[in-house]
Amino acid sequence: MGLFGKKSSKKNLGSTSAASGDYSMPDDTAVGSVDVVETSQTSQVVTTAPSNSSEDSKKKALLADEETGSEDGLNKPSDDKPLKEKLMEHLTVMWAAILGCCGLPKVLAVSLAAGAGIGAVTYLLATRGQAPMFPARVNVAFVGNSYFYVNDLPRFVENIAAGGKVYQDSCLHNSAGILEIIMTGNGMWNKWATKNAMIGGVKFEASNGNTEYLYDMGACSVPQLLTGHDKLVTSGDQLGSFIDDGENPCFQEDAYLEYQESFDYKGWDFVVITDQAKRMCFDDTRHEALAAFNYTYGPILKKKKISPIIVQPHAYQSSGANATGLSDLPTFTALIMEGALIYKKYLNQRIGLFQGAHIAPVGNAFLAVYEADKSMYKKLFLDDGVHPSGYGTFLYGTVIYATMMGYMPRYKDVVVDNMEDTLFGTARKLQASSSSAGFPSKEEAAILFRIAKKVALNGYKPKSLRGFKPETNAAEFIQEEVSSSSYEGDYSVEVYSGYQNYNPYYQDGGNNGYNDYYVDYSNGNNGGNGNGYNNGYNAAANYQAANNYGGYQQAAYGGNGYNNGNNNGNRQ
């Protein structure tokens, strides 16, 4: 949720006791806030700003020399810009807006405004969709799992941008891979029902006349997030189009569904996507992600002109990792990067020329910390040794930001004291608060900042990775031509027109037909994972062509196939 692209203004609710419907206000300790109320036709906006109540806990400045620019490689733009520079920025924004009306992607329009002609086109061809290196509003969608959910990474990235430069929304589900989240949709119903989730939440006048207070839990499905609508998302999942695990807000609350579907969608510049770390290391589970890219993400990203950021998640040390042959951190990290490179190459075959996929090398940054300071490396994790702590989320956020923007966030905005109450102050749930690692001090944040910059912008490769050569053709069907069955139409209208045709088929068949197909695929089907997979998958693709995407989404992704895939070698 948020302010961007909605028919009605997004309604931010801060510290308020008003709630209705089936929601109960959480017991979290309220953060001091100041509410500013605006009214609109159907709802009321309450923007909430944290009060400055934590000054007594802040430390004295410890790195003044770095903030004044003495440290090489730190981004510290001055607030005192020359008048000429300010005028040029205003002219650039105005010209970009004009070009935007012509239907150009934002990054291309802004680049043309800034450089014009051949120079701008050359820049875009070189960067393939990376944001221009001057202040601009950037809209970022997040699709992922607990790596993003823990410590609320989307809001952290929004906060480190400062000045409203980044707007974000998300569709997240714990333990989900790139394919699984297509099948389950959002999973934040019981996780983001918190007081801070009312910052960015909404007071909504539903069609039944009730006033509902809705938490900000994100979009309910990936198509809904990326296109603004998803007619397969129905009250209580009546169509059976998803795997309903009781965690999708739209299936649990009709008002939430009505509100999400009321958006006047405008568009995204980037979508940040992550898979489970182990699933990126093996061909069989990589195939599942490529299937989702081919039939869902790719067509949407191409039509909507969205540039994908593929996150290389971190490796970690655990008995589970060792059991699957990931015996050491460098090997684990290298295999994750190999998967990311495969995903990037595959997506680039299916999206527009100016939308090129980029990799956010978070895993390499984690390994660089390991090589530099093993004691700090341990602090990158929560007590479970797998999920990112406040330190880890800081590294995730700065690497992702640098990958998107082409430059680091402003040093003085992110290398701060009392990070829990500032950069993490709006987190809908903050697991780091109860972890032994806690949050980085100002000195530690400076170290992580430099490592993030070195890895994300300067291309630094940890020493222990320099002997690895990723095989980017490791997935068998990586070099196939774009499938003729890939949907190229309007995902918000025609694509769903065939769901009535599919629903009786699904009910009559009891889903047994697809389960048999999936078992054949899992067993290799016609000998060999690659060919068997392709033969079975093409059969499913033919069904999509005959019955439209609405039917195909469940046929190809639903039923026990999800559980089988999710339990494949316990790689999640």
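When only Cα pairs below 8 angstrom with a gap of at least 6 residues are kept, the stretch 151-235 shows a relative contact order of 25 percent. Among the listed pairs LYS344/LYS453; LYS231/LYS302; LYS304/LYS453; LYS203/LYS302; LYS203/LYS344, those whose Cα-Cα separation exceeds 32 Å are LYS203/LYS302; LYS203/LYS344.
Taking amide H as placed 1.01 Å from N in the peptide plane, ASN151 has its amide H under 5 Å from the amide H of GLN431, ALA432, each at least 5 places away in sequence or on another chain. Among HIS387, HIS314, a tally of other beta-carbon atoms within 10 Å of each Cβ gives an order, fewest to most, of HIS387, HIS314. Note on ALA372 and ASP328: their simple-model spin labels are 2.2 nm apart, each label 7 Å out from Cα toward Cβ. Counted over the stretch 137-240, the DSSP beta bridges are approximately 35% antiparallel.
Give the order of MET408, MET280 when sorted by the count of other beta carbons within 10 angstrom, beginning with the fewest. Can you show the working numbers first?
Numbers: MET408 22, MET280 29.
Neighbour counts put them in this order, fewest first: MET408, MET280.
Values in this text are rule-based calculations from the coordinates and carry no lab data. As the structure is a computational prediction, the values presented were derived from the model and not from experiment. Glycine also receives a Cβ, built like all others from the backbone with ideal geometry; neighbour counts cover every protein chain displayed.
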